[in-house]
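Colleague: I have a structure here, written as structure tokens, and I will follow up with some questions on it.
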Amino acid sequence: MPTEPGSVALAHDYLLVMRGAERTFAEIAKCWPSSPINTLLHDPDAVAEGFAGREVHTSRLQRLGQRQGSFRYLLPFFPGAVEKLPVDSFETIVSSSSAFAHGVHPGPGALHVCYCHSPFRYAWFERDRAIAECPAPGRPLLRRTLKRIRAWDLEASHRVSHYVANSAITRERIKRIYGRDSEIIHPPVEVDRFSAATAEDYLLFVGQIVRHKRVEVAIEAAAIAGRPLKVVGEGPDLQRLRESHSGDDVEFLGAVSDQRLADLYARCAALVVPNIEEFGIAAVEAQAAGRPVVAVGRGGVTETVVDGRTGVLVAGEDAAALAEPLRDGFSRFDSKAIRANAERFSSASFRAKFSALVDSYKS
């Protein structure tokens, strides 16, 4: 399609649900409000909050009608499909990628800036777990598919002019896997959605219910500490966890509205983060509601949680280590100081930093 001089095309892996990566991409898209969006798959109703009214181009895989619960079956076809997204006539491409979007094909001389949430985890550092979770008959095919994707992923990285990492751990992975340097700009959090309230006794987990989120570790840690736990989120592991912990003091809430989530944050004793996150938007959201975070002290939380002031960063990764600070009351934490720390990650601050960085690459 013909484009105006200096035109910008946007790209994201898939727009099927509004989670952290999609909320970040929604803020990126606000920086270029008239630019077209390119994505492999699009569920307009599921992401209307962030993308209603935007021009969205999808891959040919869209016609198959896959949604959040089934799109992974198309894994072998994503690399080829993303390369055909119509971005080659634009002078600047801004992609948002945790898997395939960085593999779009820019035209000659185009600038391609990729905001990287993580290199594709199932090809690089969650490969064994992905294979273990696959039914046994499909494992040989998945091994071959992930091997091909790794080779494609390395080649795709050469089509990126500049990477921007969402955290220090992602910057390290970009360097180790792709051999590329990157700037860090932390993801945006809608801190104004949250406010403090009187805390209750329950602990809170917020995230996708998949094995690498280590929800079972949070459940065990809460049980050791003698505190009830509320679990917010959906995913393939939800039913299994509900069945295996039916008699425990844990409540699985599934997906909840933004208003309900804000209320759950505001009234929890603390948010529990049992896994290593690249960034971890939930940890910032909890702090925006004035509540402390108890987390395994690696990854993104080391950049968002001030140990001893806005939460507790735990040296160990097992449930017993995580349970130790959960036994204590959290009255020593100042909700105003916690909230002030979260305000560093506001959406307005993110948009200003990111758009300025992209402009600097143009000059």
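The values are calculated or read from the model by the stated rules, or taken from the named source; none is laboratory data. As the structure is a computational prediction, the values presented were derived from the model and not from experiment. All Cβ positions, even for glycine, are placed from backbone atoms using ideal geometry, and neighbour counts span all protein chains on display.
Colleague: Test of understanding: among 246, 195, which residue is surrounded by fewer than 18 Cβ atoms within 10 Å (Cβ to Cβ), out of contact with any strand residue (DSSP E or B) (no Cβ under 9 Å at 6 or more places or on another chain) and in contact (Cβ under 8 Å) with a residue 24 or more places away in the chain?
Modeller: 195
Colleague: A follow-up question, please. Tell me, which strands (runs of 3 or more DSSP E) lie completely within the range 264-362 with 1 or more residues that are more than 20 Å from the chain's Cα centre (by Cα) and over 22 Å from residue 163 (Cα atoms)?
Modeller: It comes to 270-273, 311-314.
Colleague: Now for a different question. Step by step: first the residues of the range 156-178, then only those that are without any contact (Cβ under 8 Å) to a residue 12 or more places away in the chain and part of a helix (DSSP H, G or I), then the one that is surrounded by the most Cβ atoms within 10 Å (Cβ to Cβ). Which residue is that? Steps first, answer last, please.
Modeller: If we filter the range 156-178 for residues that are without any contact (Cβ under 8 Å) to a residue 12 or more places away in the chain, which is where we start, we get 158, 172, 175-176.
Narrowing the set further to residues that are part of a helix (DSSP H, G or I) leaves 172, 175-176.
Values: 172: 12, 175: 14, 176: 12.
Result: 175.
Colleague: Residues of the range 249-285 being under 15 Å from residue 196 (Cα atoms) and without any contact (Cβ under 8 Å) to a residue 12 or more places away in the chain, which ones?
Modeller: Selection gives 259, 260.
Colleague: While we're looking at this one, here's another question. Given the conditions (1) within 25 Å of residue 173 (Cα to Cα); (2) of a type in the set (Val, Ile, Thr); (3) buried (at least 24 other Cβ atoms within 10 Å of the Cβ), which single one is not true for residue 310?
Modeller: Result: residue 310 fails condition (1) only.
Colleague: Within the range 179-230, take every residue that is of a type in the set (S, T, N, Q) and in a loop (DSSP other than H, G, I, E, B) and give me the one that is modelled with the lowest pLDDT.
Modeller: 208
Colleague: From 284, 272, grab the single residue that is among the β-branched types (Val, Ile, Thr), modelled with pLDDT of 95 or more and closer than 23 Å to residue 324 by Cβ.
Modeller: So the residue among 284, 272 that is among the β-branched types (Val, Ile, Thr), modelled with pLDDT of 95 or more and closer than 23 Å to residue 324 by Cβ is 272.
Colleague: Hey, among the residues in the range 133-154 that are surrounded by 11 or more Cβ atoms within 10 Å (Cβ to Cβ) and among the aliphatic types (A, V, I, L, M), which one's farthest from residue 100 (Cα to Cα)?
Modeller: Per the stated criteria, the residue is 141.
Colleague: Out of curiosity, is residue 276 crowded, with 23+ Cβ neighbours inside 10 Å and closer than 23 Å to residue 118 by Cα?
Modeller: Here the answer is no, as residue 276 does not meet what is asked.
Colleague: Next question, about the same structure. Does residue 317 satisfy being acidic (Asp, Glu), in contact with a helix residue (DSSP H, G or I) (Cβ under 7 Å, 6 or more places away or on another chain) and surrounded by 15 or more Cβ atoms within 10 Å (Cβ to Cβ)?
Modeller: Values: acidic (Asp, Glu): yes; in contact with a helix residue (DSSP H, G or I) (Cβ under 7 Å, 6 or more places away or on another chain): no; surrounded by 15 or more Cβ atoms within 10 Å (Cβ to Cβ): yes.
When the stated conditions are applied, residue 317 does not pass them.
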